[in-house]
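**Student:** Right, I'll just put the structure down here and ask away after.
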Amino acid sequence: MLSSSLIYIILNRNEFISGSSLIKSFENRLLKRSLSSINETKTNKEIIDLPSFIPFTSFRTYHIDELTSPLTINELIQEAKETNKFTIFCDQDHSIQGSIQIQLIQSTQSYMISIKSSLDFSTLLCHHIHQLFVVIFDHHHHTNRIINIWGNMDDILRILNSYDMFSYNMNYLIDIIDVQQRFKQWYNKTFDHNIDCKQILDYHNIDGPLCSCSHRPLKTLNEQWRLEYAIAYTFSQNLNVKNDDIDANIHKCLAITSLASVIEQQWTRKQIKGYIWKCRRQHVFMKL
């Protein structure tokens, strides 16, 4: 009796191990098939086919509109006073339905502030919003403060001024980082020309019309990266995925922060590839 029970246990254990091995084998095949396209992403896939963008850090979102309590903005002002690194994004096509994004970048959690582009804020609320920007641009008490942007800071200030949110006419005394410019330099250094590319010049790893590299879409020296292309070519992710729960401009602000972090830490090509594998693995197992 004992012998038959032991045989039954062994058989069931073997079946369990066999079943687990099959599941693991299936997962590995599925993951391998998904990951095998990483090196081909830049040539054989459309951006729309890529996995959706994943921000580097978790975040809490605050939407500011005409009905927001001034107390909420006061809380955000206090958080801003404790923050040394920010990202600001304003859609250049800032219609009345648009919004202005501010990310307060902290070590444990980021705060995303989405301010509606509106001329209908009350005087009191407009005053509090103005004070928030005063704190963000404060250089007297925060000499090491950094603000990440994508493009020209004057364009952002022009938008803020057009909605009476902030007016800043002094020279920038805080560190404004144009991530768009720095990204181009980092990308060209990290993803150099193919060995058979005719654009290769001694001592210069620049963009040019002779470039045949599919992973370097800019073909003129003065051409600038669009944000969605920067995310697609760097992380193999789609920034323009529609999500009813998250404003698209919030993702753009978070994307600027992700690129700024990569540039600041000087990620290598190997690190980028490892990150892509990690994100693809997460996407694959979410679908299982």
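The values are calculated or read from the model by the stated rules, or taken from the named source; none is laboratory data. These figures come from a predicted structure and were not determined experimentally. Virtual Cβ from ideal backbone geometry, glycine too; neighbours counted across all protein chains shown.
So that you can scan it fast, the table gives a plain yes or no per residue for (1) crowded, with 18+ Cβ neighbours inside 10 Å; (2) within 21 Å of Asp178 (Cβ to Cβ); (3) modelled with pLDDT under 95:
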| residue | (1), (2), (3) |
| --- | --- |
| Ser52 | no, no, yes |
| Glu75 | no, no, no |
| Ile88 | yes, yes, no |
| Ile105 | yes, yes, no |
| Tyr111 | yes, no, no |
| Leu119 | no, no, yes |
| His128 | yes, no, yes |
| Gln131 | no, no, yes |
| Asn148 | yes, yes, no |
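**Student:** Restricting to the range 176-204, name every residue that is modelled with pLDDT under 75 and hydrophobic (A, V, I, L, M, F, W, C).
**Tutor:** Once the filter is applied, which keeps residues that are modelled with pLDDT under 75 and hydrophobic (A, V, I, L, M, F, W, C), the range 176-204 yields Ile200, Leu201.
**Student:** Considering only residues of the range 151-175 that are hydrophobic (A, V, I, L, M, F, W, C) and either loosely packed, with under 15 Cβ neighbours inside 10 Å or closer than 24 Å to Lys273 by Cα (or both), which is modelled with the highest pLDDT?
**Tutor:** Leu173
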